[in-house]
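Asker: Sharing a structure with you now.
What follows draws every value from the coordinates through simple rules; no lab data is involved. Source: prediction; values computed, not measured. Glycine gets a Cβ as well: all are built from the backbone with ideal geometry, and neighbour counts include every protein chain shown.
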Amino acid sequence: MANDPSYTKQKLKVIGSRVRRPDGVDKVTGRAKYGADHNAPGQLVGLFLRSPHAHARIKKISTARAEKLSGVKAIITSEDLPDLTKGDTAARDILENCMARGRALYDGHAVAAVAAVDEQTARKALKLIKVTYELLPHVTDVDEALKPDAPVIHDYLYTNGVEPRPTKPSNLYNVAEFGHGDVDAGFAQADVVVEKSYKTEQVHQGYIEPHACVGSVNPDGTGELWVTTQGHFTYRSVCANLLGMDIAKLKVTSSEIGGGFGGKTHVWIEPVVLALSRKANRPVKAVMSREEVFRASGPASSTSIDVKIGAKKDGTITAAFAALRYQSGPFPGAIPGMPWAAIGAMTSFACYNLANVKTLGYDVVVNRPKVAAYRAPSAPMIAFAVESTMDMVAKELGIEPLDLRIKNAAREGTRACYGPVYGPIGIGATLQAVKNHPHMRARLKKNQGRGMACGFWFNFGGQTCADLNIATDGSVTLTVGTIDVGGSRASLSLIAAEELGIPYKQVKAHIGDTGSLGHNDTTEGSRGTFSSGMAIVFAARQAIEVLRERAAIMWEIPIEDIIWKDGHAKARGSKYSRLKPLSLADIAAQSPSTGGPIAGHNESVPDNAGVSFASHICDVEVDPETGGTRIIRYTVIQDAGKAIHPTYVEGQMQGGAAQGIGWALNEEYIYGDDGRLQNPGFLDYRIPVCSDLPFIDTQILEIPNPNHPYGVRGVGETSIVPPLAAIGNAISNAVGVRMDHTPMSPPRILKALEQLHAS
Amino acid sequence: MINVSFTSSFRAALGGADALEMEATTLRELMRILVAKYPRMQGHIDDGIVLAINGEIYRDNRDVEIQDGSEVFLMPRIQGG
């Protein structure tokens with residue numbers, strides 16, 4: 001029982017309540033400390049010199065004049081960062097991304113860094129560094145990069161995943177195939193076959209807080225890093241490995257995080273800041289500007305996708321195929337063997353029960369920033385393509401798009417397009433909820449249209465470690481190592497309160513530094529509440545055993561005669577009727593004389609996080625004169641397994657939808673012919689603001705995950721998957737044009753309308 | 001006996017078959033046997049793989065018991081945001 005993750009079906013008392021968030025007051029009053037809020041005595045200012053070229057050989061870097069400038073304490077180039085990665089190509093790519101090694105591979109690639117006594121001096125020093133470049137041909141478009149005459153970015157990249165292995169290097173670094181059945185036979189059985197190609201432009205996560213850190217390395221080889229991150233244990237390992245430090249000798253403390261969404265799962269400036277500190281023998285602080293964040297952190301892939309779906313007249317899909325081409329910047333994807341297009345390919349048709357399905361993922365390098373994860377990484381783009389094509393199939397068949405989806409929805413026992421067979425899942429329930437939702441019956445006006453779409457995300461668990469300590473007054477401290485990006489401190493406190501049988505207010509959760517806990521994986525994959533929640537359940541159960549032991553000592557009766565119920569130790573049997581139940585506080589108060597501190601601890605690797613599905617409904621109004629699109633109503637329906645804190649779950653669902661709306665309508669990296677980013681700022685790269693959005697309605701469904709004591713599934717990512725397609729389908733229904741390119745910005749919609757009228 | 005299925009991307013490393021029948025009682029034992037018989041699988045394992053037993057996904061835990069007659073599915077490791 002103690003470490004059994006099975007769903008308990010227990011009646012929950014605290015979980016599911018909308019308690020006040022523990023970080024709310026600090027955040028609205030400005031007390032919360034973000035990455036740029038930390039300062040260390042004697043700290044220097046770190047700034048980076050970045051390449052203005054998309055692709056260039058670095059012939060020479062002269063730092064002599066800058067070094068002579070008064071107030072400059074250290075200058076770093078790649079020569080100060082020897083390659084210690086011992087053949088680990090992924091680590092080598094991280095090192096090269098942090099600081100160019102012989103070539104600048106994209107506009108914004110760091111080529112040198114300075115630590116000086118103040119920002120003014122550091123800026124002067126950057127101007128005094130002379131870099132001699134030899135321009136090389138560049139390519140920034142994923143389709144262009146695959147052409148036979150495209151400049152080959154790396155002469156060492158040969159395509160993985162094809163037999164026989166290519167004899168020439170190319171920009172195509174991986175091909176991955178997924179699926180089952182016989183798609184050719186399936187298409188032959190179809191009465192209707194629809195094929196369509198799509199493009200999605202590159203977008204950034206758009207987190208409001210830029211990357212920031214303070215690094216301090218001492219002469220004895222120990223160091224500290226204070227940083228905004230989604231994974232301080234991962235940052236510690238990566239930085240220590242790149243700099244040749246013992247992992248345990250680097251302590252990383254995470255700040256509050258002002259958004260990450262995948263972009264803070266990777267290191268960018270942090271290893272260089274530590275290297276500057278080591279060279280200067282002073283703490284160094286660096287804060288990226290917004291322009292640097294756009295040019296030199298990790299946006300999502302831009303893509304080019306082909307989809308083909310065949311169906312019978314009754315709506316049964318007989319075959320589905322997709323070819324996905326995703327660019328990952330100048331380096332292969334974050335995980336070797338699991339690049340971005342492959343992830344997209346796995347998610348492509350996951351909502352559907354298909355006898356014949358095949359997907360091909362083509363991963364491509366280009367001269368753009370290294371791609372990072374963005375909330376359900378790779379899924380929104382392929383969902384845009386698949387779900388748009390689903391609407392086209394429905395139109396061809398004369399079937400309601402929702403009914404086509406319901407007819408073909410995956411269910412328990414369906415073999416997913418990426419391989420395994422599903423357990424209990426919620427796609428059918430979300431679709432039925434769409435059918436029953438009043439939004440679907442609301443009337444629309446001229447130039448308005450309604451669309452819907454589905455989405456899927458895997459979710460996962462990962463390495464987790466948590467402490468639960470009970471103070472002598474009965475208050476409870478949780479120390480966890482998964483960064484709180486979306487409310488996990490509240491959720492984990494609710495879980496501890498539920499298990500211990502105490503009020504929520506009695507529990508306080510903290511994020512521990514890397515010196516206080518064992519390794520915790522990065523908060524990604526919607527794992528925070530699932531995995532740390534599981535660890536807290538187990539830690540609480542361990543603490544309850546200690547509480548029973550202490551009660552046994554206090555009462556001088558066998559522990560077997562004591563149960564834990566409603567936050568109290570209770571003696572079983574009429575012979576103990578004289579013993580009044582002992583509260584957690586009663587037992588804690590006596591802990592010094594009954595064996596010392598009372599605590600629970602757990603380290604584990606929870607698995608089976610439970611896949612997640614969502615269906616979205618969207619109403620738009622399109623202005624045919626300007627091409628502008630306004631979202632007039634939006635509803636998110638998602639399976640959360642069990643919503644620990646419903647308000648946070650709704651917030652995740654709304655946040656994902658809002659980001660997806662920006663991706664669908666406005667956001668886009670625009671590159672010039674020179675390979676330079678044209679819009680690295682929030683004025684020219686426009687994310688949605690409150691006035692752009694209606695209130696986003698939510699409906700939480702709770703189909704329990706059988707592999708969590710409370711049935712929890714991850715909820716943080718799935719909601720960004722359907723919006724692109726839901727909006728595209730709504731625009732199509734509003735003004736009759738099928739959009740195949742995101743963002744569906746006014747110029748693109750006007751062009752599509754002109755083409756429609758011309759034809 | 002367990003049925004081992006895998007994503008198409010692993011087919012070449014696993015001798016070109018669509019599926020395999022093997023004897024193993026845990027995921028760790030299965031992976032050891034797979035690598036002994038198909039050494040090219042080591043590259044995929046080093047890159048990171050996920051295993052599903054009858055649809056239940058194990059990303060990290062390798063000590064899970066496999067019941068006779070189960071399907072084990074091998075696929076690449078994924079990343080989230």
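Asker: Any of A:Lys199/A:Lys313; A:Lys59/A:Lys279; A:Lys196/A:Lys358; A:Lys73/A:Lys124 with alpha carbons more than 21 Å apart? Name them for me.
Answerer: Checking Cα-Cα distances, A:Lys199/A:Lys313; A:Lys59/A:Lys279 exceed 21 Å.
Asker: Looking only at other chains, what is the average number of their beta-carbon atoms within 10 angstrom of each beta-carbon in A:605-611?
Answerer: 5
Asker: Then there is this: When only DSSP loop residues count, what GluC sites (Glu not before Pro) in region B:6-37 have their Cβ near at most 12 other Cβ atoms within 10 Å?
Answerer: Counting only loop positions with at most 12 other Cβ atoms within 10 Å, the GluC sites (Glu not before Pro) in region B:6-37 are B:Glu23.
Asker: Sorting A:Cys213, A:Cys351 on the 10 Å Cβ count, fewest up front, what's the list?
Answerer: A:Cys213, A:Cys351
Asker: Could you go through region A:628-639 in sequence order and give the Karplus-derived ³J(HN,Hα) for each residue, using 6.51 cos²θ - 1.76 cosθ + 1.60 with θ = phi - 60°, rounded to whole Hz, and x for Gly and Pro?
Answerer: x, 10, 10, 7, 9, 7, 8, 10, 10, 10, 9, 7
Asker: Right, here's the next one. Once each part is reduced to its C-alpha centroid, what is the distance from region A:50-86 to region A:654-668 in angstrom?
Answerer: 38 Å
Asker: Still on this structure: Which of the cysteines found in chain A have nothing to pair with, since no other Cys Cβ lies under 4.7 Å from theirs?
Answerer: A:Cys98, A:Cys213, A:Cys239, A:Cys417, A:Cys465, A:Cys618, A:Cys690 - these cysteines have no disulfide-compatible partner (Cβ-Cβ under 4.7 Å) in chain A.
Asker: Give the long-range amide H neighbours of A:Arg103: residues separated by 5 or more places, or on another chain, with amide H under 5 Å away, using H modelled in the peptide plane at 1.01 Å from N.
Answerer: Residues meeting the amide H criterion: A:Ile58.
Asker: Sort A:Asp586, A:Asp403 so that the residue with the fewest other Cβ atoms within 10 Å of its own Cβ comes first and the one with the most comes last.
Answerer: Taking fewest neighbouring Cβ atoms as first place, the list is A:Asp403, A:Asp586.
Asker: Which aspartates and glutamates, on any chain, are close to A:Lys130 with Cα under 14 Å apart, when same-chain ones fewer than 8 places away are left out?
Answerer: Cα-Cα hits under 14 Å: A:Glu67.
Asker: Are there any GluC sites (Glu not before Pro) in region A:593-698 that are in a DSSP loop and have at most 10 other Cβ atoms within 10 Å? List them by number.
Answerer: A:Glu625
Asker: Same structure again: Hey, quick one: spin label on A:Asp184, modelled 7 Å out along Cα-Cβ, who in region A:301-324 has an amide N within reach, i.e. under 19 Å?
Answerer: A:308-311, A:318-323
Asker: Kindly provide the GluC sites (Glu not before Pro) of region A:485-574 that DSSP labels as loop, not H, G, I, E or B, and whose Cβ sees at most 16 other Cβ atoms within 10 Å.
Answerer: When the GluC sites (Glu not before Pro) of region A:485-574 are filtered for loop state and at most 16 Cβ neighbours within 10 Å, A:Glu556 remain.
Asker: When Cβ neighbours within 10 Å are restricted to other protein chains, what is their mean count per residue of peptide B:56-66?
Answerer: 5
Asker: Using a Förster radius of 35 Å, what is the FRET efficiency between A:Thr89 and A:Leu136 based on their Cβ-Cβ separation? Nearest 0.05, please.
Answerer: Between A:Thr89 and A:Leu136 the formula returns 0.95.
Asker: If we count other beta carbons within 10 Å of each Cβ, what is the order of A:Thr626, A:Thr594, fewest first?
Answerer: Placing the least packed residue first, the sequence is A:Thr626, A:Thr594.
Asker: Which distance in Å, rounded to a whole number, links the C-alpha centroids of region A:496-557 and region B:1-33?
Answerer: Answer, in whole Å: 38.
Asker: Moving on to the next point. Between A:Ser70 and A:Ser289, what's the calculated FRET efficiency when r is the beta-carbon distance and R0 is 35 Å? Round to 0.05.
Answerer: 0.90
Asker: Right, another one. Give me a single rounded figure for B:6-13: the average over its residues of other chain Cβ atoms within 10 Å of their Cβ.
Answerer: So the per-residue partner count for this stretch is 6.
Asker: Using only the Cα atoms of region B:2-76, build the gyration tensor, take square roots of its eigenvalues as a ≥ b ≥ c, and label the shape rounded, prolate or oblate: rounded if a/c is under 1.5, else prolate if a/b is larger than b/c, else oblate.
Answerer: Here region B:2-76 falls in the rounded category.
Asker: Is there a pair in A:Lys9/A:Lys251; A:Lys27/A:Lys251; A:Lys508/A:Lys570; A:Lys27/A:Lys249 whose C-alpha atoms are over 29 Å apart, and which pairs would that be?
Answerer: Long pairs (Cα-Cα over 29 Å): A:Lys9/A:Lys251; A:Lys27/A:Lys249.
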